[in-house]
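One structure is given here, and the rest of the page talks about it.
Each reported figure results from applying straightforward, stated rules to the coordinates on display, with no laboratory input. None of the values given here were measured: they were computed from a predicted structure. Cβ placement follows ideal geometry from the backbone for every residue including glycine, while neighbour counts extend to all protein chains displayed.
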Amino acid sequence: MAELFSSTPYAALTARERIWAAIREMKTVTVREVADRCDAKADAVRGYFTGLVAAGVLDVIHRGTGGKHSVYTLKRDLGVHAPRVRRDGTFLPDSVRSRLWNAMPIFGVFTARDLAMSTTLAESPVSYAEALDYCRWLAQAGYLRDLGDEKFRFIPARHTGVKAPQIVRVTQVYDPNIDKVVTSGQPQGRDDE
């Protein structure tokens with residue numbers, strides 16, 4: 001069976017992350033330069049640039065006309081993590097799974113209910129069921145120890161980075177920090193069993 005994900009560290013980056021890394025490195029860019037540099041579609045780069053300009057992260061220093069490309073410059077470097085912006089420039093909150101994952105090492109020992117309550121945002125609530133399901137998957141993958149009574153302990157040695165391990169559609173846990181599928185299959189105690 002073919003590998004689901006490439007084993008190169010570069011493959012662990014999303015297109016948005018590759019685009020952002022290129023912008024930060026080059027500082028003054030065109031859509032074409034970034035698309036070529038990070039093997040991304042020009043439309044994806046253009047869409048991301050639209051959001052970054054609207055958010056005040058990029059400035060247009062030369063509007064392309066007559067077949068010439070617009071030139072952009074980095075106005076605000078927001079750090080290594082690619083900003084999540086909509087095309088209108090509004091910033092998106094971190095994903096639910098990202099918030100759950102990043103709260104786990106802070107708490108150490110927690111219940112799924114406490115985790116859900118502490119990571120809920122007004123614009124992006126976290127349900128107890130979603131937190132519990134994610135915790136069960138991470139326990140099966142070895143990131144958490146299931147202490148019973150829906151209580152879990154985070155295993156510090158398994159903290160591979162800030163990106164949340166993903167449960168992909170083929171019911172696998174994929175950790176983008178190490179670019180590896182960690183476990184496959186059905187976790188115990190699911191509601192649909």
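Descriptive notes on the structure:
- Scattering profile of segment 9-74 at q = 0.27 Å⁻¹ [log10 I(q)/I(0), Debye over alpha-carbon scatterers]: -1.29
- The chain: angle of helix 128-141 to the longest principal axis, Cα-based, in degrees nearest 10: 80 degrees
- Residue order for Val80, Val96, fewest other beta carbons within 10 angstrom first, comes to Val80, Val96.
- Taking the alpha carbon gyration tensor of segment 85-132, multiplying each eigenvalue by 5 and rooting it gives semi-axes of 23, 11, 7 Å, largest first.
- Sorting Val57, Val168 by the number of Cβ atoms found within 10 Å of their own Cβ, with the fewest placed first, yields Val168, Val57.
- Its relative contact order, with pairs defined as Cα atoms under 8 Å and 6+ residues apart, puts the chain at 17 percent.
- Between the Cα long axis of helix 42-54 and the first principal axis of the chain there is an angle of about 90°, rounded to the nearest 10.
- 0 to 90° range, to nearest 10: angle between helix 15-26 axis and the chain longest Cα axis: 50 degrees
- Number of Lys pairs (Cα under 24 Å; 8 or more positions apart or on different chains) in the chain: 8
- Put a plus charge on the Cβ of each Lys and Arg, a minus charge on the Cβ of each Asp and Glu, and nothing anywhere else: the dipole of the chain about its Cα centre is then about 740 debye.
- Taking only alpha carbon atoms, segment 96-184 gives an Rg to Rh ratio of 0.93, where Rh is the Kirkwood radius.
- Its convex hull of Cα atoms gives the chain a direction-averaged projected area, equal to a quarter of the hull surface, of 13.1 nm².
- Within the shell of other residues whose beta carbon sits under 13 angstrom from the beta carbon of Trp101, the net charge comes to +1, with Lys and Arg scored +1 and Asp and Glu -1.
- Order of Ile106, Ile167 under a 10 Å beta carbon neighbour criterion, fewest first: Ile106, Ile167
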